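Taken together, the values in this text are just the output of simple stated rules run on the coordinates, not laboratory data. Note that this is a predicted model, so its numbers are computed, not measured. We place every Cβ from the backbone using ideal geometry, glycine too, and count neighbours over all the protein chains shown.
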Ligand code: 13P
């Protein structure tokens, strides 16, 4: 059964670890992430961007697939199905389809409008027992068509959004979606600390752009209140590299090596290895 992300993130905030949000793209991705979370006895959040939602034939298909997999694979760890960087309309569509968690990314609106729309969605999600993530400031780079300027969040605005009763808060602190450039200045821990002080010790903070952030920065971010870390590109890079190797080694040309289940298997294993490494780093193993 899908669960809201509230309980798993409240526990993570109190226990000084973070739960991974791993974005899904298809059946193989979802299966690899669920099996790894189960093996590691870790709670997990499956992230779905609006682009990936369209690709997977809409939110109803995804809810059906994930619920079916939880049953069919015998998954016992807590799983939240979460809309990533949702628009206002997208949030409502996912709520209707049966997602257990949504992110409403109103960071591109003026703060008053972000506050008003987030407030409305907090009320809807509370009634239904769903978790809601909000965003202040913007994550740099591009996430499946959502382009952010990388503005660093204003701690006072973070407090205003947190006070609406959101479950978790994403704040721009110099993090970027996709690969980090060579000259990246690193995370703004001064801003993260100021946000954490403003919103209080109980609000789970979300770190987007988890791909390529060095382990010491991840650990420091967790120590300052980050309880949810989003990873997408790293699984894509691992999948592509393993698939490339399979084809370049000509394995698809040997026997039944062209069987799609065989072609996709090394990529699936690569996703599993990436997810395992992140769960270990984030400290959520054996916390289910
Ligand atoms: P990366 O693709 O950089 O890992 O970011 C993922 C993310 O933040 C999804 O919202």
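Couple of notes before you dig in:
- Residue list for the stretch 201-221, filter: closer than 21 Å to residue 103 by Cα, within 16 Å of the ligand (Cβ to nearest atom) and not in a strand (DSSP E or B): 204, 208, 209, 210, 211, 221
- Test: residue in the stretch 237-251 that is outside any helix (DSSP H, G or I) and either within 16 Å of the ligand (Cβ to nearest atom) or farther than 27 Å from residue 41 by Cβ (or both): yes
- In the set 62, 33, 70, only one residue is in a helix (DSSP H, G or I) and touching a helix residue (DSSP H, G or I) at 6+ places or on another chain (Cβ under 6 Å); that residue is 33.
- Enumeration of residues in the stretch 45-59 that are over 25 Å from residue 18 (Cβ atoms) and assigned to a helix (DSSP H, G or I): 54, 55, 59
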